[in-house]
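Take a look at the structure set out below.
Just so it is clear, none of the values below were taken in a lab; they were calculated from the coordinates. Since the model is a prediction, treat every value here as computed from it, not as a measurement. Please note: Cβ atoms are built from the backbone with ideal geometry, for glycine as well, and neighbour counts cover all protein chains shown.
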Amino acid sequence: MGQLQIIVFIKQIPDPEGPTDAFKVDPEGKRVVSVGIPPVINPFDENALEVALHVKEHHGAQVKVISMGEQLAQPVLRKALAAGADDLILLIDPNFKDLDSYSIAYVLSSSIRKIGSYDLILTGRQAGDWDFGITGLLIAEILHIPAINLASKIEIEDGKVLVEKLNYNGYEIVKAPMPALATISGEAGELRYISIRSLQAVSKKPIKIYNVGDLGVDHRNLRTRQISNIYTLENKRNCSFIEGESPQEKGEKLALKLKEEGII
């Protein structure tokens, strides 16, 4: 068996740790718009990248990172190279805007076929913006390879991938032949610290950029998400003061008030 080939998919999203007032709802465009905060790599995809780097350190591997979108920020995604990935591939095309999960999986699968050989594909368990959590499994279905969901730890043993995953009663061990795909849960651990010097070192490293034509994708087969409605929940609060001569009386009045309001 030659050197392991690992592919990690990462998604650029608005920073989920940003303040609530940095996100605005566009009801006409049916989308959430971030204002004044830079994009980040999806935290669950960072978990997947950390697992890939762990395998690289212990078994030897080449790690390729792929990100797809309409407008990708290269400085943000180069963080993957600074962490230790070997190659960064960006899939950029206007046709990649607001695609549904199957179309995303179709495009990503096409990028894998263009790369050619691979042993292990890693994705985050879900994206921090839409939280669908199905794209990784759809990729495995399209490629006809085994898929293991919610992995917290991965090892390579005798040409097979050994996955530890959590369940309600503890954890279970799953073994699958490679090539295989695993979605990585947050329990796998955060991405390692990346220094400014490491970021500077990869700032000019060549990256590959592919569009629809490069991947051999027919844009007519791509479908966009269909959103019926999107709105901001109203946050109304009413404050009432409970009066009484004693704590006991106040407590009784509070209980009656809560019962009248249907809270208890």
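If I fit a long axis through the Cα atoms of helix 101-115 and take the longest principal axis of the Cα atoms of the chain, what angle between them do I get, 0 to 90°, rounded to 10?
20
Tell me the angle of helix 247-260 to the major Cα principal axis of the chain, expressed in degrees between 0 and 90 and rounded to the nearest ten.
60
Please state the shape class of the stretch 96-194: rounded when a/c is under 1.5, otherwise prolate if a/b exceeds b/c and oblate if not, all from the C-alpha gyration tensor.
Numbers: a/c = 1.72, a/b = 1.24, b/c = 1.39.
Oblate, because a/c is 1.5 or more while a/b does not exceed b/c.
Test of the criteria: in the stretch 53-116, which trypsin sites (Lys or Arg not before Pro) are in a DSSP loop and have at most 12 other Cβ atoms within 10 angstrom of their Cβ?
97
In the chain, how does Rg compare with the Kirkwood Rh, expressed as the Rg/Rh ratio over alpha carbon atoms?
1.11
Arrange the following residues from fewest to most other Cβ atoms within 10 Å of their Cβ: 258, 137.
Ascending number of Cβ neighbours within 10 Å: 258, 137.
Report the per residue volume, in Å³, of the convex hull enclosing the C-alpha atoms of the stretch 38-94.
Convex hull volume per residue, Cα atoms: 69 Å³.
Calculated FRET efficiency, residue 226 and residue 172, Cβ-Cβ r, R0 41 Å, to nearest 0.05?
It comes out at approximately 0.70.
What is the stretch 134-240 by shape, rounded, prolate or oblate, if you read a ≥ b ≥ c off the alpha carbon gyration tensor as root eigenvalues and call it rounded for a/c under 1.5, prolate for a/b larger than b/c, and oblate otherwise?
Values: a/c = 1.35, a/b = 1.16, b/c = 1.16.
Cα axes put the stretch 134-240 in the rounded bin.
Within 10 Å of each residue's Cβ, count the other Cβ atoms and sort 141, 245 from fewest upward.
245, 141
What value, in deg cm²/dmol to 500, does the helix sum -39500 (n - 2.57) over DSSP H runs of n ≥ 4 give at 222 nm once divided by the residues of the chain? Please list the in-between numbers first.
Values: 8 runs with 74 residues, N = 264.
Taking each H run of at least 4 residues, the total per residue is -8000 deg cm²/dmol.
Nearest 10 degrees is fine. How inclined is helix 43-59 to the longest principal axis of the chain, computing both from alpha carbons?
40
Let me see the pair-distance distribution of the stretch 91-147: every alpha carbon pair, 10 Å bin width, integer percents in order.
For the stretch 91-147, the pair-distance distribution reads 21, 56, 23, 0.
Could you count how many Lys pairs in the stretch 82-220 have their Cα atoms under 15 Å apart, skipping same-chain pairs fewer than 8 positions apart?
Taking the stretch 82-220 as the scope, the lysine pair count is 5.
Can you tell me the dipole magnitude for the stretch 4-221 around its Cα centre, using point charges on the Cβ only (Lys, Arg +1; Asp, Glu -1), in Debye to the nearest 20?
Working: 22 positive and 28 negative charges, 121 e Å.
Taking the Cα centre of the stretch 4-221 as origin, the dipole is about 580 debye.
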